[in-house]
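So the structure is just underneath, and the comments pick up after that.
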Amino acid sequence: MELKNKIKYIKESDNFWIGLLRDFLFVLIVVVMFSSISYIALGRFSPMVAVESGSMIPHIQIGDIIFVESVDRTKIITYNVGKETGYSTFDEYGDVILYKPRGIDGVTPIIHRAMYYVNAGDPMWPDGPAAPFAGYITKGDNPNTNSAYDQQGSISPRIPVKPEWVIGVARFDRIPWLGCVSLASRGILTCFK
């Protein structure tokens, strides 16, 4: 059977297994196309993350899907710079970044706002300790659970976020509740509390 006839047979067959193969190929093509477009547009094959905690409420909710642009493709604008220039994302000044806490791979990344950048030796906050190295001071937007900078608490204790720990910058707008499916499939039930 020549290739043209094989394609026609697969396309028109009523056979269950051929139909299953046809559906599998369709899904595979869609995934490859989505990943390719995501990589071209945002610099990441997997450009979405599901938000697990309420640390960014009221601007980002538990269970939201957030698109993340690769840090290699953009410049991070901090809260302080955003306030001076009028630049804002997610209803507040500056960029929301996704970073590896303490630079550790394999742990849940943190999605918080980049407040300002400090150089080594600069105080990390007014009357605070000197930064051991250069990096971002970060903070969640939720005033009830995140009244202090990450560096003042247990998220990134006394160490700024090194630029190489930043995975990406949150872009566009949030997609509400869709992330609950992903979280629930991993046994994370924060959407349902």
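Odds and ends about this structure:
- Scanning the range 156-187 for residues that are among the hydrophobic types (A, V, I, L, M, F, W, C) and more than 17 Å from the chain's Cα centre (by Cα) yields ILE159, ALA184.
- Condition met for ASP91 (of a type in the set (D, E, K, R), on the phi > 0 side of the Ramachandran plot and modelled with pLDDT of 95 or more): yes
- Per-region count, the range 66-87, residues more than 17 Å from the chain's Cα centre (by Cα), of a type outside the set (Asp, Glu) and open to solvent by 60 Å² or more (accessible area, probe 1.4 Å): 5
- Members of the range 131-185 that are open to solvent by less than 10 Å² (accessible area, probe 1.4 Å) and of a type in the set (D, E, K, R): ASP150
- Test result for SER147, more than 18 Å from the chain's Cα centre (by Cα) and not β-branched (Val, Ile, Thr): yes
The values are calculated or read from the model by the stated rules, or taken from the named source; none is laboratory data. Remember, it's a predicted structure, so these values are computed and weren't measured experimentally. Only protein heavy atoms, including side chains, enter the accessible area calculation; ligands, DNA and RNA are left aside. Shrake-Rupley method; radii C 1.70, N 1.55, O 1.52, S 1.80 Å.
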